[in-house]
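Participant: Dropping the structure in here first, questions after.
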Amino acid sequence: MEETARSAEHDADRPAEDVTDAQTPGFRLAYVPGVTPSKWVRTWIDRVPDVRLEALAVPASQVEALLHDGGADVAILRRPVRSEGLSHIAMYTEVPVVVVPRDHVFAALESDEALTVADLADEVVLHPLDDVLGWAPSAAASGADDEAPPVLPGKPALERPATTADAIELVAAGIGLLVVPQSLARLHHRKDLTYRTLDGGPEAPVALGWVTEEKSDLVEEFIGIVRGRTANSSRGVAGPTPPTPEAGKKADGRSPSGTKSGGKAGQATKGTRTASAARSGAKQAPKGGKKSGKSVAKRLGKSQSMKGRKKGR
């Protein structure tokens, strides 16, 4: 059992590879580059220990065909799902980032500062053939449809790289920049490259997909794991009902510690924390990268000006 668990978790962390000759396991989970399915694999091992799970890294362009051919029971893939006969549920959405050389002017921005599409206007932006962001090839392609993807920013390269990995090599060589989901930027991490969040670029939604007519009990079980169902509520596994905080309360509404739920003590504590936060001037950190109406050039120019003043003093 321990060997099976180690094998499944190891497979889930391996880079993308050809899975044509993969052996047939009890349950197969395919996933596209950038996705890390380890969390769900571990839950499966704990919840369905008698069914071996094999995690298969598959190129994004092949994952839907693999499902149709029976090479996988479920797949974590990128939307939109284009094939008929496949069902899917949304999992999460990734933000786009711009991959740049560390000596590029954009790298001088703080790590929490975001670039805009307009900032890329004078840059060569690479567009690999396996792109997963779905940029529109031209303004005409967008038309008047508000749902159409954004037009690829910047200046086009002479040729489109075959893969994202090839595009990363070109970025390192100073040929151009690359816009990818954040997970792919991390997957292809290099010491000579960095990335910054891109505001206004297309997001990269991730979903769990399966063949609609082959929704077995095991597929239902994995869907439940992804959706966060507990072992008790999951359709494929029955287990004892875990204790809840409500079960520990006494009949008079008091918790085991003797404090009355929702009483004045809780309100006083909340008020004290609020007043304390107000006196200290603490602010909640904003989510995502910093947004600014100024261009990168103005932001960097101001930063360099401030450094110059400090040196003058």
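Participant: From the list His68, His88, His127, exactly one residue is modelled with pLDDT of 90 or more and within 30 Å of Glu159 (Cβ to Cβ). Which is it?
Facilitator: His127
Participant: I'd like to know if the stretch 143-150 contains one or more residues that are open to solvent by 20 Å² or more (accessible area, probe 1.4 Å), closer than 30 Å to Gly200 by Cβ, in contact with a strand residue (DSSP E or B) (Cβ under 9 Å, 6 or more places away or on another chain) and at pLDDT 90 or above.
Facilitator: Within the stretch 143-150, none of the residues are open to solvent by 20 Å² or more (accessible area, probe 1.4 Å), closer than 30 Å to Gly200 by Cβ, in contact with a strand residue (DSSP E or B) (Cβ under 9 Å, 6 or more places away or on another chain) and at pLDDT 90 or above.
Participant: A further question on this structure: Mind listing whichever residues of the stretch 105-119 are part of a loop (DSSP other than H, G, I, E, B) and open to solvent by 40 Å² or more (accessible area, probe 1.4 Å)?
Facilitator: Passing the criteria: Glu110, Ser111, Asp112.
Participant: Within the stretch 156-183, work out how many residues are under 11 Å from Val95 (Cα atoms) and in contact with a helix residue (DSSP H, G or I) (Cβ under 7 Å, 6 or more places away or on another chain).
Facilitator: 1
Participant: Also: Output the residues belonging to the stretch 45-97 that are under 25 Å from Arg229 (Cα atoms), open to solvent by 50 Å² or more (accessible area, probe 1.4 Å) and of a type in the set (A, V, I, L, M, F, W, C).
Facilitator: The one that is under 25 Å from Arg229 (Cα atoms), open to solvent by 50 Å² or more (accessible area, probe 1.4 Å) and of a type in the set (A, V, I, L, M, F, W, C): Ala90.
Participant: Count, please, the residues in the stretch 151-201 that happen to be in a strand (DSSP E or B) and under 20 Å from Glu110 (Cα atoms).
Facilitator: At the first step, the residues of the stretch 151-201 found to be in a strand (DSSP E or B) are 151, 155-156, 177-181, 193-199.
If we keep only those that are under 20 Å from Glu110 (Cα atoms) too, we end up with 177-181, 193-199.
Count: 12.
Participant: Please verify whether Ala5 is surrounded by 22 or more Cβ atoms within 10 Å (Cβ to Cβ) and at pLDDT below 95, treating the condition exactly as stated.
Facilitator: no
Participant: Follow-up question, since we're still on this one. Could you give me the residue pairs with C-beta distances under 6 Å whose first residue belongs to the stretch 70-88 and is in a loop (DSSP other than H, G, I, E, B), whose second residue is open to solvent by 40 Å² or more (accessible area, probe 1.4 Å) wherever it lies, and which are 6+ apart or on separate chains?
Facilitator: Val81/His88; Gly85/Thr212
The values are calculated or read from the model by the stated rules, or taken from the named source; none is laboratory data. Every value quoted in this text rests on a predicted model; they were computed, and no experiment measured them. Positions of Cβ are backbone-derived with ideal geometry, glycine not excepted, and every protein chain shown enters the neighbour counts. Accessible surface areas use protein heavy atoms only, side chains included; no ligands, DNA or RNA. Shrake-Rupley method; radii C 1.70, N 1.55, O 1.52, S 1.80 Å.
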